[in-house]
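Working notes for the structure below.
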């Protein structure tokens, strides 16, 4: 794979948070009141921590919201390109502090996408009205990236957070997910294209 698309994918099944093995137990508790169907999405934030050797591409952070019937295929899915907070003069917003040799960037929905997400939530509500608790929802975060320097052997860690009006703080979705190990589990080597400039 030439470019590592969807560098991190975190499943957040709102109805079954406890079943999400990738989410720390403390985060499951903090997310107990979070529901993408009702939250104020204008206040939704995503943060990503990556090694300094990796650069997130412009418009490279995406949030996909999906719904499916239990044990069935995805019925509805919508992807939103997130916008970095700093691009909106919001660099002062509180965000997680980066660990050594890493960088953290925080993102939000574009204002134009808030209406699109509201329409998508209406479709999910209709699906839930017809199928009840058989409908399961998920959120995944994908990051398109390039390598700004040679990536050394060993673990390549990424951490993702989510913040909403219900959490009031950034809550860990994945902590130190090893991209190299994830790629190896998928039967391929970790390959990230060099940045062009």
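Of note:
- Residues of region 57-73 that are part of a strand (DSSP E or B) and out of contact with any helix residue (DSSP H, G or I) (no Cβ under 7 Å at 6 or more places or on another chain): 57, 58, 59, 60, 61, 62, 63, 64, 66, 68.
For every residue, the table says whether it meets (1) part of a strand (DSSP E or B); (2) under 18 Å from the mean Cα position of the chain (by Cα); (3) at pLDDT 90 or above; (4) over 22 Å from residue 63 (Cα atoms).
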{"site": "100", "(1), (2), (3), (4)": "no, no, no, yes"}
{"site": "151", "(1), (2), (3), (4)": "no, no, no, yes"}
{"site": "167", "(1), (2), (3), (4)": "no, yes, yes, no"}
{"site": "174", "(1), (2), (3), (4)": "yes, yes, no, no"}
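- Any hit, region 74-86, residues being closer than 14 Å to residue 161 by Cα and either at pLDDT below 85 or outside any strand (DSSP E or B) (or both): no
- Any chance residue 163 is closer than 28 Å to residue 75 by Cβ, in contact (Cβ under 8 Å) with a residue 60 or more places away in the chain and touching a helix residue (DSSP H, G or I) at 6+ places or on another chain (Cβ under 6 Å): no
- Close pairs from region 175-197: first in contact (Cβ under 8 Å) with a residue 24 or more places away in the chain, partner surrounded by 15 or more Cβ atoms within 10 Å (Cβ to Cβ) and part of a helix (DSSP H, G or I), Cβ under 7 Å, at least 6 apart: 190/179; 190/180; 190/183
- Test: residue 55 is under 22 Å from residue 165 (Cβ atoms), under 18 Å from the mean Cα position of the chain (by Cα) and surrounded by 12 or more Cβ atoms within 10 Å (Cβ to Cβ): no
- Within the option set 81, 104, 48, 61, being free of Cβ contacts under 8 Å to residues at least 40 places away in the same chain, closer than 28 Å to residue 195 by Cβ and surrounded by 12 or more Cβ atoms within 10 Å (Cβ to Cβ) holds for one residue only, 81.
The values are calculated or read from the model by the stated rules, or taken from the named source; none is laboratory data. Keep in mind it's a predicted model, so treat the numbers as computed, not measured. As a convention, Cβ positions derive from the backbone with ideal geometry for all residues, glycine included, and neighbour counts pool all protein chains shown.
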